[in-house]
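I'd like to ask you about the structure that follows.
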Amino acid sequence: MNSDKKEYRTALEILNGLCSPSQFYEKLNRLFARSEDQQFRKLIAPVLGALRDAHVILASKKMSTRKGPVNYGIEPYAALVKYCRQQLVNEKPTWQILAEQHGWRPAGKV
């Protein structure tokens, strides 16, 4: 596992934790803001929306501080978890993943 893929490991650690929806939201939103990986940002955005909705629903029931796990076997969580796991086993360093998202290709490969 590459040491430069911290954001993917951190996202999985957050999703494996026990937090309230607002705590999950805050932690993942920080990753979203820092990330340069457009695919990661694209996948994390609906997760943030789902967590925001969950917080509103739980707040209306006076349960917004209740901590629990995320069911990451369902969407939109499953897509984010799958992407993070794929990037962690990917041989490419983070700089190459980002460069390829912007059209760069290794010399000799088109």
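Could you check the range 67-78 and list, in sequence order, the residues that are in contact with a Leu (Cβ under 7 Å, 6 or more places away or on another chain) and assigned to a helix (DSSP H, G or I)?
Y77
Same structure, new question: Do the conditions hold for V81, that is, is it within 14 Å of the chain's Cα centre (by Cα), among the hydrophobic types (A, V, I, L, M, F, W, C) and outside any helix (DSSP H, G or I)?
No, not satisfied.
Could you grab the pairs with beta carbons closer than 7 Å, sequence gap of 6+ or different chains, first residue in the range 59-81 and of a type in the set (V, I, T), second one part of a loop (DSSP other than H, G, I, E, B)?
T65/S20; V81/Y72
All of the numbers you see were taken from the coordinates with simple rules; none came from a lab. Model, not experiment: these values are computed from the prediction. Cβ: placed from backbone, ideal geometry, glycine included. Neighbour counts: every protein chain shown.
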